[in-house]
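Shown next, in structure tokens, is the structure this report addresses.
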Amino acid sequence: MTQAQQSVITDEMRAAVGVEGPAAVLEVEKTNCRMFARAVGHADPIFYDEAAARARGYRGIVAPPGFFGTPVFRPGGAAAVPGEMAGRGFSVPYKRVLNGGTDYEYFPDAPDGDVICAGDTITARSKIAGFEETEGSLGPMLITTRETTYTNQHGKLVAKMRGTVIQY
Amino acid sequence: MAQVHFEDITEGDEIPQLKKNCSTQQLVQWAAGSGDFYQIHYDKDFAQRTGLKGLIVHGALKNAFLGQLLHDWAGEQGQLRRFGCSYRGMDEPDQDILCRGVVTKKYSERGKHFVELDIWTEKPDGKKTSPGTALVTLPARS
């Protein structure tokens, strides 16, 4: 394909880069930690058993890697979209969407960070880090990179996520 | 399993592999556990209408498999600091997904012992479908 494609990145999209969206509240519950861990196939009891987690020095059942809690659902509210695929609210001329990849970073050390455990209430704040356009085997595509920070009820930064969503 | 220590490992070492094979039931469990209810992962007709051959495994589940690979390797005294991957290729249910990791760098900083790794999932033919990187801290013997 030699013809240059018109950019699909609008002024509205450019203006949204770096702007934090509304905060989302995620509840970290025992049952959800277990469900997530079970779906992955984890065998470590700290993801299932409170006594085992406490015996290893944790405040409670530990949130398995990649789990940051469950968004609070309210009927009639905005659809609860998991963080990885959130934030494709702009109108672009592409119909298909792929999750391009995700990186998680944890800050488990006191005093600034903490491990995420059942009973925590996490506040997630997301922003678009940038848009990129490329031409791949699937044709022209728009790659949106989003960054989310996760803070617990004590104000400690516990994790960050950086994810890409591909539209084509 | 015995605790791995910082002194035990060398750059270039491969960590113990983790083999996965998702049933469609596991994909539904993951949908519920993660909140990702996109139908290409459990509704074959829907998946085929979008042009896929059939159901595919969630990228985020493969990422979580890599999280398990690292968590299990780091042991009780290790700590997962960073991990992630790109979703480059599709995996199907009822097919082996091999999770692997190789140590690329080790260093100590402010009393902590860090290990960087290349991680990935691969199909039975060896094709890497989810390449990524990770950072783990391990305990030291001394």
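Nothing in this text is a laboratory measurement; each read-out follows from the coordinates by a stated rule. Being a predicted model, the structure only gives us computed values, none of them experimental. Quick reminder, even Gly has a Cβ in these numbers, built from the backbone with ideal geometry, and neighbours come from all protein chains shown.
Could you give the spread of the C-alpha atoms of the protein assembly as shown along their three principal axes, from largest to smallest, in whole angstroms?
Sorted largest first, the three principal extents are 62, 45, 38 Å.
So what is the relative contact order for chain B, in percent, with contacts set as C-alpha pairs under 8 Å and at least six apart? Show your work: numbers first, answer last.
Values: 292 pairs, mean separation 43.7, N = 142.
It comes to 31 percent, rounded to a whole number.
Taking the beta-carbon count within 10 Å as an exposure proxy, list A:T144, A:T151, B:T129 from fewest neighbours to most.
The order, fewest Cβ neighbours first, is A:T151, B:T129, A:T144.
With θ set to phi - 60°, apply the Karplus curve 6.51 cos²θ - 1.76 cosθ + 1.60 along the stretch B:41-58 and write out the HN-Hα couplings as whole Hz, x wherever there is a Gly or Pro.
Whole-Hz 3J(HN,Hα) from phi for the stretch B:41-58: 9, 8, 10, 4, 4, 4, 4, 5, 5, 8, x, 7, 6, x, 5, 10, 7, 4.
Considering the dipole of the stretch B:24-129 built from charges on the beta carbon (Lys and Arg +1, Asp and Glu -1) around the Cα centre, which of B:L66, B:V115, B:V102 is farthest to its positive end?
Of the listed residues, the answer is B:V115.
Please enumerate, by chain and number, the aspartates and glutamates with C-alpha under 17 Å from the C-alpha of B:K105, excluding those fewer than 8 residues away in the same chain.
Straight-line reach from B:K105, under 17 Å: B:E7, B:D8, B:E11, B:D13, B:E14, B:E116, B:D118.
Just to confirm the number: angle between the C-alpha axis of helix A:30-40 and the first principal axis of chain A, 0 to 90 degrees, nearest 10?
It is inclined by approximately 60 degrees.
For chain B, find the longest principal axis of its Cα atoms and tell me its angle to the long axis of helix B:59-74, 0 to 90°, nearest 10.
30
Under 11 Å from a point placed 7 Å out from the Cα of A:F90 along the Cα-to-Cβ direction: which residues of the stretch A:134-155 have their backbone N that close?
Flagged as within label range: A:142-145.
Fewest Cβ neighbours within 10 Å first, please rank B:S86, B:S34, A:S91 accordingly.
Ranking B:S86, B:S34, A:S91 by Cβ neighbours within 10 Å, fewest first, gives A:S91, B:S86, B:S34.
Within the set A:K95/A:K127; A:K127/A:K156; B:K106/B:K128; A:K95/A:K160, which residue pairs have Cα atoms separated by over 26 Å?
A:K95/A:K160
If we count other beta carbons within 10 Å of each Cβ, what is the order of A:Y58, A:Y150, fewest first?
In increasing order of surrounding Cβ atoms, one gets A:Y58, A:Y150.
Based on alpha-carbon centroids, what's the gap between the stretch B:15-44 and the stretch A:86-126 in Å, whole number please?
About 19 Å separates the Cα centre of the stretch B:15-44 from the one of the stretch A:86-126.
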